[in-house]
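As structure tokens, the structure follows; a few thoughts come after it.
The values are calculated or read from the model by the stated rules, or taken from the named source; none is laboratory data. Please read these numbers as outputs of a predicted model, since none were measured by experiment. Every residue, glycine among them, receives a Cβ derived from its backbone with ideal geometry; neighbour counts consider all protein chains shown.
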Amino acid sequence: MAHRLYVYNINSKTGEQYPYYLGEWNYEIPELLLPLFSCDPRAKGKLLYFDKINGVERLKSFYQLLGEHYQLLYKKAYYEPVNKMFEMLDNLPYDTFVINGWDVFNMSDEKHSDQARNWVFEIKERSKLYDKAMAKQNLGWLEKEIVTRSGYGSFLEMLETDWIDYGLGYWNEDLYKDISETFEDNGLWGLKDKKGNIITPPVYEEIFAFSEEGIAVAQKNGKYGYLRNDGKVLIECIYEEAYDSLFIGNKNYGIIEIDQKCGLLNIETGEIVIPCEYEDLEMLRHIYLFNAKKEDKFYLIDVSNKRVIEEGFDEPFEFNYSGLVYRSLKGTSKKAFYTFEGVFLGEHPEDVLSEIGEGYYWVKPNKFQKKISIIKSDGSLLDTEIDTIMLLDYYTSFAYRKAKKWYIYDIKSGEFRLQTHTIENIHRDWFVQFMKNVFLLSDENGWGLYNAAEDSWLLPSSKEYKKIESCREEIFRVTTSDGMFYFDQKTDTQSSIYDYIGEGIEYNEQMLCLYKGEQMFILDTKRQLHQVSDNQLGALYEKRHNLRGKDQKYFLDFYKGWTERKGAGYEKYFDDATLMSRAEEYINEGKIEEAVRLYEIGVSRGNTDMMVELGYIYVHDDYPEFYDLEKGLALYEKAAAKNHAIAWNNLGYHYQNGIGYPQDIKKALKCFKKSAESGEGLAMQNLGLLYFYGEYVLQDYDLALEYYKQAEKKFYFNDEKIAEIYYQKSDYDNLQRYLRKDKENTYSNIYYGIMYDEGLGVKMNSKKAIKYYEKSLEYAYYTTALSRLLYFYKEDPAFADPEKYQYWKRFGEENDMEL
């Protein structure tokens, strides 16, 4: 029997509960949804509570990463179910999620409240892995840690599983599907809810399809009205004709007919907002304007019956996807274009008009005109015969080139800028994302920075500036004959001269790296300037790969100069983390002597991590030239005295195996427990091993299981041994739970064989037992499996097969298996 989790939505202050349950899941929170339950998890009794609002935002961030990583964001199969899921989550009325895990908790004798508290801890730990993946925008290692244990090869494989449907399948479909369905009785139609209860008796001749807003046209006694999917009659069936509802401005409307004339009805109030005086009425898609035909002329009107274009025409209006409406013209491929406000933009071919912003448009070259023209918001021409136009997102200014001269025009003021200057060139760069209406341009005076919206120079043009380039958000670096300075538009700051200025090494914390002589400075994201100290330089060097090109080369040359000035042993200036990282690099490169030298510096500072790493080198014969058991154990003891978890674990190993100490299991247990109390998963696993095998202590499966479970929360997995414990305890539900974790079939087949053979937790099935016994022997030499196969193929009349019997008999003999 599958054990389930049940999810609800409640008001944390009043305790009021949303009437529908949200979902029910087997055993644990689905991997795709864990970020949803990562905000403020807490336990109270057998219930777990989570912040819904922040959880939904975390899940959206995670799904954004999934969509970007797998290039799914623009695929309909992805965004339709995902958008529906987030719409459902956003619409939940209350601020808190609740998970009731009693059904799963019943699988263990441990108190439900204790299991709930432990689960909260586990969720917090797992959430850190997701946080790290989102911070680094990298799914690779998260898939290795999380997904593969669920039996999927990747998050993509999980997303694309049919029943999961990109995450939507995890939720109660009543939350996002129609709440009712039509039924027929004696030729009439009514509505039933999802449980089959009649909510609208069968009195209608027809109930048409419901819209996304849950409204359908209904026919009764030959007349038409509107019905909601919960059975409420919105508009009685009194009209000659009614058409599908239209959702406009958060209100529902419907086109109706009276005396064969069309009008528009507000379904919510029953008010006719467009009188029934038109021969035809049709909404233009996406823009909520209507083609209204009257006396054989077409008018463009809005939802209040106001004419957007006063004049009527023989041709209907059509919607253009560039954000305009148009009329076709007889005898030409041109069309008459209008804005949604009714401004006439002229006659042009299709697909040549593009919006600049603020109601301005530009006309692309086409067969009727060879060069660009620009139309103002009132429909008049700003300029024609333009060679090149420069349009930048979110700018309210634009530039264009005509007759070898550049012009800058500001839409807000309606004025040309710098008319007394001859603009020679304009440079476009990524800074435009952060500095609106700023142009990097050159004129007769040289290069400068100009803000067109404010009609002001940020850096007046000057021939002193050899190069101006964007360096960070709102920051430029300027090269002069004397060096470099930076200009920060946000703070209107111009710095002093430096030898070189480059991007920050730690991008999210540093804006710039600046160099002057033998000094290096950092401008942080708070715009504060700091001189880099000697013990900071090593940590920056570790992150050198964050830099590129000239910025990286200048930093590396500066760092090399610093090491030469400090001389041999310059590493003594490193902070502990950098010192340890550099030592690890030496280990990987096989430079053990160099690693030992750096670890000794760390030990002299009292760093317990480096005591343990150096101790490991001394106690292992992998490094015979450094082997010194006494010295290594002394370092372990010194680190353990400062409660270093790994040091305690390592001492436990030496006491257990009598290496460097007389074998002493009591002391080994004490060391492992000290380590485990400090949160070391390897020590928890070691304790589990001791009680599992019972070689040095009295075998105790309950105690072993407890330690293995603790280790599992630290990502030390012992699934095969846990499976054996549940088998020995005859707990076949939990056994099967751990057998399902064996995705590589390394240990599960022998258990399935025995279970189906003997009917343990499953229905007895000899055919399945044989299949699993045979599979198990592909991995290991199980005498039980071989013995049972020989029995089935020789003595069981239903499966007797001399050829297979001989095959497995030879198999046993060739592999020296004793039966």
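Can you name every residue in the stretch 139-173 that is assigned to a helix (DSSP H, G or I) and small (G, A, S)? Show your work before the answer.
Of the residues in the stretch 139-173, the ones assigned to a helix (DSSP H, G or I) are 140-150, 155-159, 165-170, 173.
G140, S150, G167, G169, listed by residue number.
Hey, any hits in the stretch 480-489 for a residue that's surrounded by 15 or more Cβ atoms within 10 Å (Cβ to Cβ), β-branched (V, I, T) and outside any helix (DSSP H, G or I)? Looking for residues that are surrounded by 15 or more Cβ atoms within 10 Å (Cβ to Cβ), β-branched (V, I, T) and outside any helix (DSSP H, G or I), one finds none in the stretch 480-489, hence no.
Considering only residues in the stretch 340-355 that are surrounded by 14 or more Cβ atoms within 10 Å (Cβ to Cβ) and among the acidic types (D, E), the one that is modelled with the highest pLDDT turns out to be E347.
Grab the strands (runs of 3 or more DSSP E) fully contained in the stretch 491-531, keeping just those with 1 or more residues being among the β-branched types (V, I, T) and crowded, with 20+ Cβ neighbours inside 10 Å.
Numbers: elements: 500-503, 510-516, 519-524, 529-531.
The strands (runs of 3 or more DSSP E) meeting that bar are 500-503, 519-524.
Taken over the stretch 462-479, residues that are buried (at least 22 other Cβ atoms within 10 Å of the Cβ) and not hydrophobic (A, V, I, L, M, F, W, C) amount to 1. Residues of the stretch 52-72 include none that is farther than 28 Å from E157 by Cα and in contact with a helix residue (DSSP H, G or I) (Cβ under 7 Å, 6 or more places away or on another chain).
Could you please find all residues in the stretch 126-150 being in contact with a helix residue (DSSP H, G or I) (Cβ under 7 Å, 6 or more places away or on another chain) and under 17 Å from P30 (Cβ atoms)?
The initial filter retains those residues of the stretch 126-150 that are in contact with a helix residue (DSSP H, G or I) (Cβ under 7 Å, 6 or more places away or on another chain), namely 126-127, 129-130, 133-134, 137, 139, 142-143, 145-147, 150.
Result: R126, S127, L129, Y130, A133, L139, L142, E143, E145, I146, V147, S150.
Please specify each residue of the stretch 644-659 satisfying the condition of being surrounded by fewer than 17 Cβ atoms within 10 Å (Cβ to Cβ) and outside any helix (DSSP H, G or I). The answer is G658, I659.
Inspect the stretch 580-587 for any residue being of a type in the set (D, E, K, R), under 37 Å from the mean Cα position of the chain (by Cα), outside any loop (DSSP other than H, G, I, E, B) and surrounded by 16 or more Cβ atoms within 10 Å (Cβ to Cβ) and give the result as yes or no. Quick ask: steps written out before the conclusion?
The initial filter retains those residues of the stretch 580-587 that are of a type in the set (D, E, K, R), namely 582, 584-585.
Cutting the leftovers down to under 37 Å from the mean Cα position of the chain (by Cα) gives us 582, 584-585.
From what's left, outside any loop (DSSP other than H, G, I, E, B): 582, 584-585.
From what is left, the residues that are surrounded by 16 or more Cβ atoms within 10 Å (Cβ to Cβ) are 582.
Scanning the stretch 580-587 turns up at least one residue that is of a type in the set (D, E, K, R), under 37 Å from the mean Cα position of the chain (by Cα), outside any loop (DSSP other than H, G, I, E, B) and surrounded by 16 or more Cβ atoms within 10 Å (Cβ to Cβ).
Residues checked against (1) in contact (Cβ under 8 Å) with a residue 60 or more places away in the chain; (2) loosely packed, with under 13 Cβ neighbours inside 10 Å; (3) outside the structural domain of Y465 (by TED's automatic domain parsing); (4) under 40 Å from the mean Cα position of the chain (by Cα):
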{"position": "G357", "(1), (2), (3), (4)": "no, no, yes, yes"}
{"position": "K371", "(1), (2), (3), (4)": "no, no, yes, no"}
{"position": "D387", "(1), (2), (3), (4)": "no, no, yes, no"}
{"position": "T420", "(1), (2), (3), (4)": "no, yes, no, no"}
{"position": "R428", "(1), (2), (3), (4)": "no, yes, no, yes"}
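For the stretch 681-704, the criterion of being among the polar types (S, T, N, Q) and over 24 Å from S748 (Cα atoms) is met by none of the residues. Filtered by the rule that a residue be assigned to a loop (DSSP other than H, G, I, E, B) and more than 19 Å from Q736 (Cα to Cα), the stretch 698-724 gives L698, Q699, D700, K714, F715, Y716.
Listed here are the residues, each with its yes/no results for (1) surrounded by fewer than 17 Cβ atoms within 10 Å (Cβ to Cβ); (2) closer than 24 Å to V147 by Cα; (3) in contact (Cβ under 8 Å) with a residue 40 or more places away in the chain; (4) not aliphatic (A, V, I, L, M).
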site	(1), (2), (3), (4)
Y94	no, no, yes, yes
G101	no, yes, yes, yes
F105	no, yes, yes, yes
E110	yes, no, no, yes
S113	yes, no, yes, yes
F121	yes, yes, yes, yes
R126	no, yes, yes, yes
Y130	no, yes, yes, yes
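The residues of the stretch 254-278 that are polar (S, T, N, Q) and closer than 15 Å to E295 by Cα amount to a single one, Q260.
Can you say whether Y791 is surrounded by fewer than 18 Cβ atoms within 10 Å (Cβ to Cβ) and either more than 41 Å from the chain's Cα centre (by Cα) or closer than 30 Å to F105 by Cβ (or both), as far as the supplied structure shows?
On the way: surrounded by fewer than 18 Cβ atoms within 10 Å (Cβ to Cβ): yes; either more than 41 Å from the chain's Cα centre (by Cα) or closer than 30 Å to F105 by Cβ (or both): yes.
In short, yes.
For E240, the stated conditions hold: it is closer than 27 Å to A216 by Cα and surrounded by fewer than 18 Cβ atoms within 10 Å (Cβ to Cβ). Tell me, yes or no, whether the stretch 741-754 has at least one residue that is hydroxyl-bearing (S, T, Y), farther than 25 Å from L786 by Cβ and either in a helix (DSSP H, G or I) or out of contact with any Pro (no Cβ under 7 Å at 6 or more places or on another chain) (or both). Scanning the stretch 741-754, I find no residue that is hydroxyl-bearing (S, T, Y), farther than 25 Å from L786 by Cβ and either in a helix (DSSP H, G or I) or out of contact with any Pro (no Cβ under 7 Å at 6 or more places or on another chain) (or both), so the answer is no.
The rows are residues; the columns are (1) at pLDDT 90 or above; (2) part of a strand (DSSP E or B); (3) hydroxyl-bearing (S, T, Y).
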residue	(1), (2), (3)
K177	no, no, no
T182	yes, yes, yes
W189	yes, yes, no
G196	no, no, no
P202	yes, yes, no
A209	no, no, no
E212	no, no, no
Q219	yes, yes, no
Y224	yes, yes, yes
